[in-house]
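**Q** Have a look at the structure that comes next, please.
The values are calculated or read from the model by the stated rules, or taken from the named source; none is laboratory data. Computed from a predicted model, the values in this text were never measured in an experiment. All Cβ positions, even for glycine, are placed from backbone atoms using ideal geometry, and neighbour counts span all protein chains on display. Heads up: the accessible areas ignore ligands, DNA and RNA and are worked out on the full protein's heavy atoms, side chains in. Shrake-Rupley method; radii C 1.70, N 1.55, O 1.52, S 1.80 Å.
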Amino acid sequence: MTYRREEHSFIPESDLEGVSVDTLAVRAGQHRTAELEHSDAIFPTSSFVYGSAAQAAARFGGDEPGNIYSRFTNPTVQAFEQRIAAMEGGEQAVATASGMAAILATCMALLKSGDHVICSRGVFGTTNVLFQKYMARFGVETTFVALTDLDQWRGAVRPETRLLFIETPSNPLCEVADMTALAAVARDADALFVVDNCFCTPVLQRPFEFGADIVIHSATKYLDGQGRCVGGVVVGSSKLMAEVVGFLRSAGPTMSPFNAWIFHKGLETLPIRMRAHCENALELARWLDQQEAVERVFYAGLESHPQHELAKKQQSGFGGVLSFTVRGGQAQAWAFIDATRMISITANLGDVKSTITHPGTTTHGRLSPEDKATAGITDNLIRISVGIEAVEDLKRDLQRGLDAVAG
């Protein structure tokens, strides 16, 4: 939604029909008060005042629209939700306190004891732990399968299967799922197809166009893009999101108004940033692929990547995350990382600043040795989230790592 001069609020998304995602990133979800501010306002309030006791009762009872309490209704949060929903092409978005809270809210709202989930092995380590350890305590069983093996997905389906969950591209090996095929598997099983679109964002990939029922983001990553705060978002049909809103209203893993304002403003530059991330990452992937100390580079933009053609079909760019293995083991990987001087050693990704990490001991460190091996997380694997610095400066810094391994 955006602003209409005679209304100090939101207007229907139909007024923005047909515009590009670049324009939606700037204009969707605009909200102005009677003060006519050009930049979006923040509403840092816990509650809202009613005109009468009858109005309070009507809002709490759902008979009248309007804000009630910032645990589940706040204008700043709603502005962010409306913008990302428009960009993804979904009916409704629900903002949460973190990316993991978005996954948890989806599961708690839509699954029950006895249900079965099929999840790709190539997911963020904490996502694996959430399904394998914590959802299991509530009677939800998860089967992990190879992201790109459709036979494994079909073979894992049970009568009680209710949800298929993937990341594409995957973290950290950048595998790419055939979303159209997996959506068909989900439909045949009468299950929901959930896609974590964190690596690509709606600028590069729109999973609803390939059959997804729900799209999830860690807003902490590219949606902010500057590492300032933590948040998540779930996007889907109004019917499904009503259940997620109900969980948030009761359990409270809610996004704060300030964080929502940060993400709302961050979306305005998302298309420009993603193009810069993609350009730098592709050049670095090609450069690393030529280095003697590097065994293999994992990045869908390389023609040698097994899902390169599929990525071109589903994505408008290859993203800003790549990983690679160095010759040797953990000692050589750590030596490479420690030799860099400009790139930040941190497990976060999606920042304008390039970051580097060792997945086996950070993002996927809580996985068992067996699960790491199955997921392809080796001791010599390094992940880089490529920022928007000058690419020659990034090469110069990575050369320090290459020299450390070679030496």
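**Q** Going by the structure shown, is residue 286 part of a strand (DSSP E or B), out of contact with any Pro (no Cβ under 8 Å at 6 or more places or on another chain), open to solvent by 80 Å² or more (accessible area, probe 1.4 Å) and not aliphatic (A, V, I, L, M)?
**A** Here the answer is no, as residue 286 does not meet what is asked.
**Q** If residue 368 meets every condition in (1) open to solvent by less than 10 Å² (accessible area, probe 1.4 Å); (2) modelled with pLDDT under 95 apart from one, which number is that one?
**A** Unmet condition: (1).
**Q** Any residue at all in region 32-52 that is over 23 Å from residue 248 (Cα atoms) and at pLDDT 95 or above?
**A** So far as region 32-52 goes, yes, one or more of its residues are over 23 Å from residue 248 (Cα atoms) and at pLDDT 95 or above.
**Q** Could you look through region 100-126, keep only residues that are hydroxyl-bearing (Ser, Thr, Tyr) and crowded, with 20+ Cβ neighbours inside 10 Å, and pick out the one that is nearest to the chain's Cα centre (by Cα)?
**A** This residue is 106.
**Q** Which residues, taken from region 109-119, are closer than 24 Å to residue 94 by Cα, in contact (Cβ under 8 Å) with a residue 40 or more places away in the chain and of a type in the set (Gly, Ala, Ser)?
**A** Correct list: 109 only.
**Q** Which numbered condition in (1) of a type outside the set (Val, Ile, Thr); (2) outside any loop (DSSP other than H, G, I, E, B); (3) under 30 Å from residue 266 (Cα atoms) is the only one that residue 334 fails?
**A** Of (1) of a type outside the set (Val, Ile, Thr); (2) outside any loop (DSSP other than H, G, I, E, B); (3) under 30 Å from residue 266 (Cα atoms), only one is false for residue 334: (3).
**Q** Right, something else. Hey, can you tell me all the residues within region 129-147 that are open to solvent by 10 Å² or more (accessible area, probe 1.4 Å) and either out of contact with any helix residue (DSSP H, G or I) (no Cβ under 9 Å at 6 or more places or on another chain) or part of a helix (DSSP H, G or I) (or both)?
**A** Within region 129-147, 129, 130, 132, 133, 134, 136, 137, 139 meet the criteria.
**Q** Then there is this: Residue by residue through region 33-61, note down the ones that are part of a loop (DSSP other than H, G, I, E, B) and more than 30 Å from residue 202 (Cβ to Cβ).
**A** Those that are part of a loop (DSSP other than H, G, I, E, B) and more than 30 Å from residue 202 (Cβ to Cβ): 34, 35, 46, 48, 49, 50, 51, 52, 61.
**Q** Quick test of your reading of the structure: residue 23 fulfils all but one of (1) at pLDDT below 90; (2) over 25 Å from residue 248 (Cα atoms); (3) of a type outside the set (A, V, I, L, M). Name the failing condition by number.
**A** (1)
**Q** Does region 372-384 contain at least one residue that is open to solvent by 40 Å² or more (accessible area, probe 1.4 Å), closer than 18 Å to residue 99 by Cβ and either touching a strand residue (DSSP E or B) at 6+ places or on another chain (Cβ under 7 Å) or aromatic (Phe, Trp, Tyr) (or both)?
**A** no
**Q** Now, a different point. Looking at the structure I just gave you, is residue 26 under 30 Å from residue 196 (Cα atoms), hydrophobic (A, V, I, L, M, F, W, C) and open to solvent by 50 Å² or more (accessible area, probe 1.4 Å)?
**A** Criteria met by residue 26.
**Q** Also, I was wondering about something else. Check whether at least one residue in region 110-117 is within 30 Å of residue 25 (Cα to Cα) and modelled with pLDDT of 95 or more, and report yes or no.
**A** yes
**Q** Could you please find all residues in region 1-20 being at pLDDT 80 or above and closer than 19 Å to residue 66 by Cβ?
**A** None - no residue of region 1-20 is at pLDDT 80 or above and closer than 19 Å to residue 66 by Cβ, so the list stays empty.
**Q** Another question, if that's okay. Does residue 362 meet the test of being β-branched (Val, Ile, Thr) and either open to solvent by less than 10 Å² (accessible area, probe 1.4 Å) or in contact with a helix residue (DSSP H, G or I) (Cβ under 8 Å, 6 or more places away or on another chain) (or both)?
**A** no
**Q** Now a separate question. Please tell me if residue 92 is open to solvent by 50 Å² or more (accessible area, probe 1.4 Å), modelled with pLDDT of 90 or more and not small (Gly, Ala, Ser).
**A** Judged against the criteria, residue 92 is a match.
**Q** Any chance region 150-163 includes a residue that's closer than 26 Å to residue 267 by Cα and assigned to a strand (DSSP E or B)?
**A** No - not one qualifying residue is present in region 150-163.
**Q** Quick check on my filter: what residues within region 18-32 are in a loop (DSSP other than H, G, I, E, B) and under 30 Å from residue 315 (Cβ atoms)?
**A** Scanning region 18-32 gives 18, 19, 20, 28, 29, 30.
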